[in-house]
Every structure is written in structure tokens, then in C-alpha cells.
Amino acid sequence: MRHIISILIENEAGALSRVAGLFSARGYNIESLTVAPTEDASLSRMTLVTSGSDEIIEQITKQLNKLIDVVKLIDLAESGHIERELMLVKIKTSHDTREEVKRMVDIFRGKIIDVTPSSYVVEMTGQSSKLDAFIHGFEEGSIIEVVRSGPTGISRGEKGLHL
Amino acid sequence: MELSGGQILVQCLKDEGVEFVFGYPGGSVLHIYDAIFHQDDVKHILVRHEQAAAHSADAYARATGKPGVVLVTSGPGATNAVTGIATAYLDSIPMVIISGQVPSPVIGSDAFQEVDTVGITRPCVKHNFLVKDVNDLAETMKKAFYVATTGRPGPVLVDVPKDITDPNIKVPYKYPKKVVMRSYNPVVTGHKGQIKKAVDLLLAAQRPIIYAGGGVILGEAHKELTELTHLLGYPITNTLMGLGGYPATDKQFVGMLGMHGTYEANMAMHESDVILAVGARFDDRVTGKLTEFCPYAKIIHIDIDPASISKTVKVDIPIVGDVKPVLEQMIELIKDGKHKPSKSALESWWQLIQSWRDVHCLEYDRESNIIKPQYVVEQLYQVTKGDAYVTSDVGQHQMYAAQYYHFDKPRRWINSGGLGTMGFGLPAAIGVKLAFPEADVACITGEASIQMCIQELSTALQYNAPVKIVNLNNRYMGMVRQWQEFSYQCRYSQSYMDTIPDFVKLAEAYGHVGMRIENPEDVRGALEEAFALKDRTVFLDFITDRTENVYPMIEAGKAHHDMKLRVAPGTPVDRELS
């Protein structure tokens, strides 16, 4: 099963490689990983998407907790949460197709943020499945480039992951 | 007080109460070595190879309970130490390693003797640090000792670039009394409700067994374990790492369990209905085939490391906490409670265990006119009155030592259980002897293992650390040969050497005493003579039976009740030995 693990970790050199190294050394999957400092610059927030049986996920969270730099973590999949991913897509356009692409972007509530005579760059956020659906809406060959951030997430309600 | 980085490091060690630093100098640590030169409080032990520095420090920690300290230079100094660091990591031994690094401005430029030490050691340390500012040095050292010695202990490495130790840059020094790390809070007390549940389950057991590991020794809980075991009257087994955590000569002790454990220990595990696992980690050498591991048992597991719980074997009642206070609470609950273990159930359980004991799985041919390795260990046990510190290397001799030297006290049995590092024994013996100069220290080894760190004979002489090397010389890598015999139809691929040195001459060349013993009747006398030579290192080269194997054996992938036992003495065995 897919799990989203949200980690507060000391913002130190090497902290990311401790997490990545743990996954490769123990043979766990990483589907995606995003990391950036939080409002407290000494802490980074990491969102890690992984999959595995309950036993494996239990080991992953225990092993992550064991890393000295990890301050706190939660498995977002255990309760109500919201997840979002950012995507930038560069799409080929021509005089004939521009309107159609624009309509698609509107349906998916994206934004066109760069325009040339032959291309658009579209910015879109949403759940990963929505981003997948947008891409699948285009014919093969019309997409020049896709950049995705990987999902980030936050729990619903008042409670939060903080010190 | 204003000090340079080099002086700070040495002062930190003094303030930590460090007695010995095991190390080897080199370019990146010269400032530190100069600071060592100017003082006498911290004694530096110059090894002959950095791997040995780590092993000696590691064994010092195992024997004393205090953290071992290592100092090596950048590049090859650090990489040579990696085997020793990994050895300590796998056995959860507290150790602090200071490694030199090239100066900060040239890090990343492939400078001379540069290697990414923090990167290389990351998977085999509990934690590591790269010091970037001399003002952080003292606090980093305090953190290193704190992390290494608390929770589940382990090695911590501090990588120090050369410019940080520059003698011309002095900063105010104050060694912090304590450090707080918001990301590191090891759990110490077990959950009360879980402990209560565990006691209830334990008292209701019909066929209970206590399975205790190295955590008992690391957690200084041997007294509590012994008290609890006596209070319950249950059988107890130790892992290889746990030997000495419970007195081996006690009648409730059924021997070591696992791959080369006793018949009674493994059978009792297999047939048990409740297991109390204390500071043990269900290692594959202990469990055998996981799907058939203890099929009838409910399992209670006490461990300080939450990640050890349900890692390989799913347990029923986990208790995360320091074993000592948890055992104390269990003892209290049992003493205060109304329930007592069922006498009749226990009686029939012990009868069953006795029937397994009657198999006498550790019997061997005592009539042989070739020296049997087991006999040497038995004689060593008698000559040293069971009171020596025994280090070992890895292989058959390690198993004979574990099976035939009965450890009644913790911290007497010093071996590389997790990583299985050949070359550990001799530097380990030196580390122990330095800690306890008056004690008898024996290194049980084989002719293959001993050659992996033989250069340390020189260190033993320089620092007057007279140890006794008990070399069980069967002219084979015995354990490899045994597996090749069982699983590869006796194809002895690369498991023996044609050119084994004359160890007597070798010992003499290093300034020690060498003895070669070829007859069983000379074994006892040679050992007595060696231990009477209090101030000399003695290399006892016992020429032992080439064909002897370690029994019982659970072959890889088999279950506890599926043991290979020794065939009766004198039964012809179909094999060819060159």
C-alpha cells in the first residue's frame, strides 16, 4: 500500500543522504521525495512517498525515527490528509491547437505561464492522479517536457507536525 | 581557557575520563598528535594498522562498559578503520572515532589522502559529524559521547578537517556538562501496562524459556536477569553475544542457542509456549528458518531499540525500554503478585529438557591421540578457573570457545558476533589487557584468523600487554571447510593454505614466547606454563585435528528442531582431507 511519510529533520548537511541511504541500504522503495526548509530555518520538512506491506512500513518508520537527525515523523496515510503536487508541462502548440490546449488547461484549473509561437508552459497543482489525467489528455508527441515535484502533504484539522 | 582545536580534542577526552586512545598518526591529524605529545593524562596506544585500533578500542569498551576511543588520519587511515567500526556497529558497542580530514577549503577537490569519510561510514555508525567550526568542536565531542553511550549504544565518528585543529587559532574552551538534542531522546522506561501483561503471560506459561542476548550485558542487567530467572525457575538460553549475561554453570542454563547452540536450548525454544526475549534481536543465526521459528510460542520482547522489535519475528508483547529497569519491575510484580508459576507444568517441562540434555550434544572423542580443539578450550577453562577474559576471532574456534568455556560473568566473552570479523581477536585481547593488566586474557583463534591482524604482536610488546594466544591450528579455514564438506561434497575450494608460517619463530621474532603443542597429553602443561609467564605474551600453537567439525549444527535455512548432531566417535566418515 502507498504511504506518505512526512518528516521533520534537522536542516544539516548530509541529512538527506542519511534518509536516502537508509532506503537503499535496507532495500525499501522511494517513489518520490521532496524536501525544503520550514518556517524554522533549522528544520527541513521532507515528504516521502513509499509503498510496502504493513510490516515494511512499520520498519521504515522505526528506522527513520532511529536516525539521529530525524526530529519527528508521521505517516499521513494513517489519517485524513491533503496532498498536492506541482507540475510544469511544456506543450507543443500550433495555430490550430492553441485553443484546444487552453480549454484543457482551464478544465484542469491550470495556468499558462509562458507562451511562444510554438509552445505553452502550463503550471498545475493537484493530486498526483489529476496531473496524470491531464497528461493523458494529450496526444503522444505533443508534450515536450514534464517536471513534477512529487507529492507533498499535510494532515487535516488542527493538529500538525511541529516541535 | 583558550585552546587550539587539537588541544580541545585532547582536553575533551580528558574531561570525558578517557584512559586510552587507540590510533595511528598521519598528515591530517598531526596537530592533534602534537597536542597529545604535550600531556600524559590520555595514553595513546600506537597500533600497527587502523583496523586494529578500532578492534582494541571496541574490546576495551566491551570489557569495561566505557566507550572506546579511536584516532585515525584521513583517507586510508579512515578506510582501514571501517571494518572495525562496522564490527562495533553490528554488536552495538559504544565507541567514538576521531578521524582527520583534509583542510576545509580543499574538501571535494580529491586532495591527497582525501576520502568522504562521513559518507563512507554513514551506514556503519550510529551517527557521524563533520566539524565545520572550531567553536563547535567541544560540543560536537560531547554529543558524540552522549549518542555513543546512550540508548542502543554504537560507534559515533567525528570527522575533523586539519584547519580546525590549527595550533594558531585558539578559542575559548568549555566542555559542556550535558547536551540536549531535540532529535534524540532514547526511551528508557518500559510501558507499565505492557510489563504487567508480560508478567501475566509469563506466569501462565506451561513450557517457558528465557532467551537473553547482548543487550543484558550492554544494559548491565545480568543481576536482574539472574534474579528473575531464579525467581521463576524457568530454563534460560543465551545468544552468542549474551554469554556471561547469565552464569553458564547455573543449573537453569541450557546453553547457547542457534546455529551451533546446544540440542537442549534449540529444542526447548522450538517446543516452548512462551518466550521471554531480553535484549536479543532474533538474528538469523539464532532463528534459523523464520517460518518454522518457535511455532507454539507467544513472544515477549524487551529491547531498547524499537526497530529491533518485530523486525524479523512478529512478537506478541513488545516492551521498549532499558532492560534493567524493565526486569526490576517484572521482579517486583512477580514478588508482590498472588500468581506463581505452575509447579506441575514446570516439573514436566524440566523432565523433557532433561531428556534433551541426555543427548550430550557437546560430547566429543576424548580418547583421540590427536589434539581435539574442544579439549584445548576445556583445558583453558580449567587452567584459568573460568575467570579469564576470552577474545576470539571468527570460525570454528569461536564456536568451540562459546560452547566449552563456561562464562559465569558478563563482559568476559569478547567476540565479533554480528559482523563476524576475522582479525578481531588479537587486537581485542590487547585492548582488554590494557584495561585489566592483572587479569588473564586469552585470545582463542585459528591459523587463518590470527594472520589477519598478526602485526599487533608488535603493539602487545610495546605497551606490555601480555596476552595468551591459543591458536587452534587445523591447517584449514575450519568453518569454510565444514560448510564445503556439508554443502559442496567436500570440494575444499581455497579453504586451506599451503604456506602457514612457523608461529613459534614468528612469535619469537616479535619478542614473545612461542610454543608448539602436538600431543593431547602436553596441552594442560603448556597452558599452565603459558599462564605462569605473567609478563610475557605467549603464542600457543596447538596442532589440532584437521577433520573436527562444530556440532550441533542447524544448517542454513533449517529450523531449530532440525539439528545435525555429531556422529558417535569412531564412526567412519566419508570424506577426503588432503
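The values are calculated or read from the model by the stated rules, or taken from the named source; none is laboratory data. These numbers were taken from a predicted model, which means no experiment stands behind them. For neighbour counting, all protein chains shown are included, and Cβ atoms are generated from backbone atoms with ideal geometry for every residue, glycine included.
The table for this structure:
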{"read-out": "Flag for A:Arg18 being surrounded by fewer than 20 Cβ atoms within 10 Å (Cβ to Cβ) and within 10 Å of chain B (Cβ to nearest Cβ)", "value": "no"}
{"read-out": "Filter result (without any contact (Cβ under 8 Å) to a residue 40 or more places away in the chain and either surrounded by 12 or more Cβ atoms within 10 Å (Cβ to Cβ) or within 17 Å of the chain's Cα centre (by Cα) (or both)) within the stretch A:119-136", "value": "A:Ser119, A:Tyr120, A:Val121, A:Val122, A:Glu123, A:Met124, A:Ser129, A:Lys130, A:Asp132, A:Ala133"}
{"read-out": "Some residue of the stretch B:272-294 being within 14 Å of another protein chain (Cβ to nearest Cβ), assigned to a strand (DSSP E or B) and either within 21 Å of the chain's Cα centre (by Cα) or buried (at least 24 other Cβ atoms within 10 Å of the Cβ) (or both)", "value": "no"}
{"read-out": "Residues of the stretch A:29-44 satisfying the condition of being more than 10 Å from chain B (Cβ to nearest Cβ), surrounded by 15 or more Cβ atoms within 10 Å (Cβ to Cβ) and touching a residue at least 60 places away in the same chain (Cβ under 8 Å)", "value": "A:Ser32, A:Leu33, A:Thr34"}
{"read-out": "Candidates A:Arg98, A:Arg84 - the one that is charged (D, E, K, R), surrounded by 11 or more Cβ atoms within 10 Å (Cβ to Cβ), at pLDDT 95 or above and touching a strand residue (DSSP E or B) at 6+ places or on another chain (Cβ under 9 Å)", "value": "A:Arg84"}
{"read-out": "Answer residue from the stretch B:174-197, given it is touching a Gly at 6+ places or on another chain (Cβ under 9 Å) and of a type outside the set (S, T, N, Q) and is farthest from the other protein chains (Cβ to nearest Cβ) among those", "value": "B:Ile195"}
{"read-out": "Of residues in the stretch B:372-399 being more than 20 Å from the chain's Cα centre (by Cα) and not charged (D, E, K, R), the one surrounded by the fewest Cβ atoms within 10 Å (Cβ to Cβ)", "value": "B:Gln382"}
{"read-out": "Condition check for B:Val147: surrounded by 23 or more Cβ atoms within 10 Å (Cβ to Cβ), part of a helix (DSSP H, G or I) and out of contact with any helix residue (DSSP H, G or I) (no Cβ under 8 Å at 6 or more places or on another chain)", "value": "yes"}
{"read-out": "Selection from the stretch B:295-321 of residues that are within 13 Å of chain A (Cβ to nearest Cβ), aliphatic (A, V, I, L, M) and in contact with a strand residue (DSSP E or B) (Cβ under 9 Å, 6 or more places away or on another chain)", "value": "B:Ile304, B:Ile309, B:Val313, B:Val315, B:Val320"}
{"read-out": "Criterion (assigned to a helix (DSSP H, G or I), charged (D, E, K, R) and in contact (Cβ under 8 Å) with a residue 24 or more places away in the chain) met by exactly one of B:Glu328, B:Glu332", "value": "B:Glu328"}
{"read-out": "Unique match (being within 14 Å of chain A (Cβ to nearest Cβ), within 28 Å of the chain's Cα centre (by Cα) and either over 14 Å from B:Val326 (Cα atoms) or among the small types (Gly, Ala, Ser) (or both)) among B:Pro155, B:Pro235, B:Pro208", "value": "B:Pro155"}
{"read-out": "Residue match in the stretch B:252-272 (condition: farther than 26 Å from B:Tyr404 by Cβ and at pLDDT 95 or above)", "value": "no"}
{"read-out": "Output for the stretch B:431-456, where each listed residue is among the hydrophobic types (A, V, I, L, M, F, W, C), farther than 16 Å from B:Val538 by Cβ and in a loop (DSSP other than H, G, I, E, B)", "value": "B:Phe436, B:Ala448, B:Cys453"}
{"read-out": "Filtered residues of the stretch B:116-129 (kept if more than 7 Å from chain A (Cβ to nearest Cβ) and in a strand (DSSP E or B))", "value": "B:Asn128, B:Phe129"}
{"read-out": "Residues located in the stretch A:103-118, provided they are free of Cβ contacts under 8 Å to residues at least 12 places away in the same chain and surrounded by 14 or more Cβ atoms within 10 Å (Cβ to Cβ)", "value": "A:Ile112"}
{"read-out": "Boolean, A:Val49 is more than 10 Å from every other protein chain (Cβ to nearest Cβ), touching a residue at least 40 places away in the same chain (Cβ under 8 Å) and surrounded by 19 or more Cβ atoms within 10 Å (Cβ to Cβ)", "value": "yes"}
{"read-out": "Qualifying positions in the stretch B:316-337 - out of contact with any Gly (no Cβ under 9 Å at 6 or more places or on another chain) and either of a type in the set (Asp, Glu) or surrounded by fewer than 19 Cβ atoms within 10 Å (Cβ to Cβ) (or both)", "value": "B:Asp316, B:Glu328, B:Ile331, B:Glu332, B:Leu333, B:Ile334, B:Lys335, B:Asp336, B:Gly337"}
{"read-out": "Residue among A:Leu64, A:Leu8 that alone is within 10 Å of another protein chain (Cβ to nearest Cβ) and under 23 Å from B:Ile120 (Cα atoms)", "value": "A:Leu64"}
{"read-out": "Residue within the stretch B:97-105 that is under 22 Å from B:Asn415 (Cα atoms) and surrounded by 21 or more Cβ atoms within 10 Å (Cβ to Cβ) present", "value": "yes"}
{"read-out": "Filter result for A:Ile57 (surrounded by 13 or more Cβ atoms within 10 Å (Cβ to Cβ), within 30 Å of B:Val118 (Cα to Cα) and away from every other protein chain (no Cβ under 14 Å))", "value": "no"}
{"read-out": "Only one of A:Arg26, A:Arg2 that is of a type outside the set (Val, Ile, Thr), surrounded by fewer than 16 Cβ atoms within 10 Å (Cβ to Cβ) and at the interface with chain B (Cβ under 10 Å from one of its Cβ atoms)", "value": "A:Arg26"}
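Results for (1) of a type in the set (Val, Ile, Thr); (2) over 15 Å from B:Met422 (Cα atoms); (3) surrounded by 21 or more Cβ atoms within 10 Å (Cβ to Cβ), shown as yes or no for each residue.
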residue: B:Ile444; (1), (2), (3): yes, no, yes
residue: B:Ser449; (1), (2), (3): no, no, yes
residue: B:Asn471; (1), (2), (3): no, no, yes
residue: B:Gln489; (1), (2), (3): no, yes, no
residue: B:Tyr492; (1), (2), (3): no, yes, no
residue: B:Thr499; (1), (2), (3): yes, yes, no
residue: B:Ala507; (1), (2), (3): no, yes, yes
residue: B:Asp535; (1), (2), (3): no, yes, no
